[in-house]
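Taking it in order: structure first as structure tokens, then the write-up.
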Amino acid sequence: MDVATPRVAARRRSGLREHQREAIAGYLFILPAVLGILLFTAGPMLASLYLSFTKYDLVHVKWVGFFNYQFMASDPLFWRSLRVTVTYTIFAVPLGLVAGLTVAMLLNQKIKALSVYRTIFYLPALIGGVAISLLWMWIFNPQFGALNWLLSLVGIKGPQWIFSPTWVIPSFVLMSLWGVGGGMIIYLAGLQGIPTDLYDAASIDGAGAVRSFRSVTLPMLTPVLFFNLVIGIIGSFQIFTQAYVMTGGGPENASLFYVLYLYQNAFQYFYMGYASALAWVLFLIVIVLTAIVFRSSPMWVFYEGELRGKKG
């Protein structure tokens with residue numbers, strides 16, 4: 001008894017030391033990620049929160065309290081940029097969801113060279129930024145652009161597109177379809193993850209293609225729709241490059257998107273404090289909209305177990 005007790009204690013100490021070594025190794029592995037978050041995410045966020053209560057022009061910092069937020073409430077360009085961004089979101093996000101799902105359904109069929117078609121539709125989602133903005137500037141050009149040329153072939157005189165206050169937001173909405181390939185890939189993954197026995201059960205019940213889509217495909221894709229909706233809302237409120245390169249917020253501030261207005265205050269007028277306040281208001285808006293989508297999800301997002309339960 002006396003001999004066994006030291007051995008047990010020694011094994012416990014050895015196990016404890018091994019556990020400590022594993023814990024230290026784990027902390028060392030996650031240390032770069034934690035430092036990156038603290039230095040490049042949390043740190044700048046806290047700094048911008050402080051600056052939102054100051055008047056800061058890159059040289060002098062003066063505490064002004066809630067003045068930036070009070071000024072924002074009476075700033076017509078703030079409300080204009082918010083209205084432009086919300087209008088774009090209302091049209092671009094649903095259109096992107098429908099277009100991505102439609103393309104995914106078409107590319108989920110058994111046809112020849114299917115991988116080639118999928119690659120062709122996905123490639124535009126990998127190309128963005130200034131190059132694509134310049135391409136679409138040529139497409140939307142009212143004099144020699146490709147889009148008005150195509151319309152002229154059927155006897156339609158095209159509008160001024162990005163040079164018209166009326167057509168500039170529809171132009172950006174149309175341009176947003178360029179990147180539906182990203183959502184298409186996610187829809188394809190969701191479509192291929194739907195169990196075939198659900199379609200078999202629907203077929204036994206006499207459901208056709210349309211009924212199977214409404215009763216099986218669409219409900220089973222609601223988690224994917226939910227994900228793409230959240231990502232789409234966040235992305236639509238962050239549109240910047242296209243407006244900066246193509247219109248600069250014009251004509252007549254008709255394309256003055258929120259992030260573009262934020263950029264102008266920060267890097268053109270050097271109102272860093274006001275720009276920080278705009279950034280935090282944008283953060284709160286996105287958080288609220290995302291929370292609304294999450295709170296509404298139990299009413300329209302279904303999962304396989306729930307759908308099987310309803311069929312049973």
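Straightening the chain between I292 and L31 buys 90.5 nm, computed as 0.36 nm per residue apart minus the Cα-Cα spacing.
For the options V154, V168, V61, a Gaussian network treatment of the chain with springs between C-alpha atoms closer than 10 Å singles out V154 as fluctuating the most. Counting neighbouring beta carbons within 10 Å and listing from fewest to most, the residues F121, F294, F226 come out as F294, F226, F121. With the Cα gyration tensor of the range 59-139 giving a ≥ b ≥ c as the square roots of its eigenvalues, does the rule (a/c under 1.5 for rounded; else a/b larger than b/c for prolate; else oblate) give rounded, prolate or oblate? Verdict is prolate for the range 59-139.
In terms of other Cβ atoms within 10 Å, K55, K112 run from fewest to most in the order K112, K55.
Relative contact order of the chain: 26 percent, from C-alpha pairs under 8 Å at least 6 residues apart in sequence. Debye sum, Cα scatterers, the range 181-231, no solvent: what log₁₀ I/I(0) at q = 0.16, 0.22, 0.25, 0.31 1/Å? One equal scatterer on each Cα of the range 181-231 leads to -0.48, -0.78, -0.91, -1.15. Just check the range 1-127 against the gyration tensor rule for me: Cα atoms, a ≥ b ≥ c as the square roots of the eigenvalues, rounded for a/c under 1.5, and otherwise prolate or oblate depending on whether a/b exceeds b/c. Taking the square roots of the gyration eigenvalues as a ≥ b ≥ c, the range 1-127 is oblate. A simple spin-label model places the labels of S152 and I234 4.4 nm from each other, with each point 7 Å out along Cα-to-Cβ. For the chain, the Cβ-based charge dipole about the Cα centre amounts to some 520 debye (Lys, Arg positive; Asp, Glu negative; other atoms uncharged). Averaging the sequence gap over all C-alpha pairs within less than 8 Å and six or more residues apart, then dividing by the number of residues, gives the range 1-118 a relative contact order of 8 percent.
Rounded, prolate or oblate: pick one for the range 207-312, where a ≥ b ≥ c are the square roots of the eigenvalues of its C-alpha gyration tensor, a/c under 1.5 means rounded, and failing that, prolate if a/b is larger than b/c, else oblate. Here the range 207-312 falls in the prolate category. Ordered from longest to shortest, the equivalent ellipsoid semi-axes for the range 4-51 are 43, 10, 4 Å, each the square root of 5 times a Cα gyration tensor eigenvalue. A helix-only calculation puts the chain at -22000 deg cm²/dmol for mean residue ellipticity at 222 nm, using -39500 (n - 2.57) for each DSSP H run of at least four residues, averaged over all residues. Taking other Cβ atoms within 10 Å as a rough exposure proxy, L126, L101 sort from fewest to most as L126, L101. The fraction of all Cα pairs in the range 154-202 landing in successive 5 Å bins from 0 to the largest distance is 5, 15, 12, 12, 12, 10, 9, 9, 7, 7, 2, given as whole percents.
Output the DSSP H helices from the chain with an along-axis C-alpha extent of no less than 30 Å and a mean Kyte-Doolittle hydropathy no less than 1.0. Span-like helices here: 76-106, 272-300.
Of the residues M45, M175, M137, the one that moves most in a GNM of the chain with alpha-carbon contacts below 10 Å is M45.
Evaluated at q = 0.13, 0.16, 0.19, 0.22 Å⁻¹, a Debye calculation over the C-alpha positions of the range 81-223 (equal weights, vacuum) places log10 I(q)/I(0) at -0.75, -0.98, -1.16, -1.32. Of the residues M184, M299, M246, the one that moves most in a GNM of the chain with alpha-carbon contacts below 10 Å is M299. For the range 162-247, the relative contact order is 36 percent, taking Cα pairs closer than 8 Å that sit 6 or more residues apart in sequence and dividing their mean separation by the residue count. Would you compute the Debye intensity of the chain from its alpha-carbon atoms alone, equal scatterers and no solvent, and pass along log10 I(q)/I(0) at q = 0.07, 0.13, 0.14, 0.15 Å⁻¹ to two decimals? The computed values of log10 I(q)/I(0) come out as -0.46, -1.10, -1.18, -1.25. Restricting the chymotrypsin sites (Phe, Trp or Tyr not before Pro) of the range 134-190 to loop positions (DSSP other than H, G, I, E, B) with no more than 16 neighbouring Cβ atoms within 10 Å leaves F144.
Read the figures in this text as sums done on the coordinates, not as results from a lab. A quick note: this is a predicted structure, and the numbers were derived from the prediction, not measured. Ideal geometry is used to build each Cβ from the backbone, glycine not excepted, and the neighbour counts take in all protein chains shown.
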